[in-house]
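Q: Handing you this structure, nothing more for now.
The values are calculated or read from the model by the stated rules, or taken from the named source; none is laboratory data. If you're wondering where the values come from, they're calculated on a predicted model, not measured in any experiment. Here the Cβ positions follow ideal geometry from the backbone for every residue, glycine too, while neighbour counts run over all protein chains shown. Protein only, heavy atoms only, side chains kept; ligands, DNA and RNA dropped before computing areas. Shrake-Rupley method; radii C 1.70, N 1.55, O 1.52, S 1.80 Å.
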Amino acid sequence: MTSNPADLTTADYLDGARELHAAGRPYLAHLLAEEAAQRTTDPATARAIRAQFPAPTRKD
């Protein structure tokens, strides 16, 4: 892993999203997945990433 965020890859962001999702942090997982989707050039892949990590709903 790198200490420079500019060096992170799409795969790095997806790995982080999966880890946060497993840790019960869906909102943070969603944010990392959204960054991964934005770094993807293929629109279908970006849609698949977003579908896998949707924004969680609020529980007020």
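Q: Out of the residues in the stretch 32-47 that are under 14 Å from the mean Cα position of the chain (by Cα) and without any contact (Cβ under 8 Å) to a residue 12 or more places away in the chain, which is most open to solvent (accessible area, probe 1.4 Å)? Talk me through it step by step, then tell me what you get.
A: Initial filter on the stretch 32-47 (under 14 Å from the mean Cα position of the chain (by Cα)): 32-40, 45-47.
Adding the requirement that they be without any contact (Cβ under 8 Å) to a residue 12 or more places away in the chain leaves 38, 45-47.
Details: 38: 118, 45: 59, 46: 8, 47: 149 Å².
Within the stretch 32-47, the match that is most open to solvent (accessible area, probe 1.4 Å) is 47.
Q: Let me ask something else about it. Contact list please: Cβ distance under 8 Å, first residue in the stretch 48-60 and closer than 19 Å to residue 35 by Cα, second residue open to solvent by less than 100 Å² (accessible area, probe 1.4 Å) and part of a loop (DSSP other than H, G, I, E, B), pairs at least six apart or on different chains.
A: 49/40
Q: Tally the residues that are part of a helix (DSSP H, G or I) and either loosely packed, with under 12 Cβ neighbours inside 10 Å or in contact with a strand residue (DSSP E or B) (Cβ under 7 Å, 6 or more places away or on another chain) (or both), restricting the search to the stretch 1-26. Don't jump to the end; show me each part of the working.
A: Pass one, the stretch 1-26, residues part of a helix (DSSP H, G or I): 5-7, 10-22, 26.
Of the ones still in play, those that are also either loosely packed, with under 12 Cβ neighbours inside 10 Å or in contact with a strand residue (DSSP E or B) (Cβ under 7 Å, 6 or more places away or on another chain) (or both) are 5-7, 11, 22.
Summing the residues that are part of a helix (DSSP H, G or I) and either loosely packed, with under 12 Cβ neighbours inside 10 Å or in contact with a strand residue (DSSP E or B) (Cβ under 7 Å, 6 or more places away or on another chain) (or both) in the stretch 1-26 gives 5.
Q: Now a separate question. From (1) open to solvent by 80 Å² or more (accessible area, probe 1.4 Å); (2) at pLDDT 95 or above, pick out the condition that doesn't hold for residue 57.
A: That leaves (2) as the condition not met.
Q: What tally of residues in the stretch 13-31 results from selecting those that are charged (D, E, K, R) and either over 11 Å from the mean Cα position of the chain (by Cα) or at pLDDT below 95 (or both)? Steps first, please.
A: If we filter the stretch 13-31 for residues that are charged (D, E, K, R), which is where we start, we get 15, 18-19, 25.
Then drop every residue that is not either over 11 Å from the mean Cα position of the chain (by Cα) or at pLDDT below 95 (or both), which leaves 25.
Qualifying residue count, the stretch 13-31: 1.
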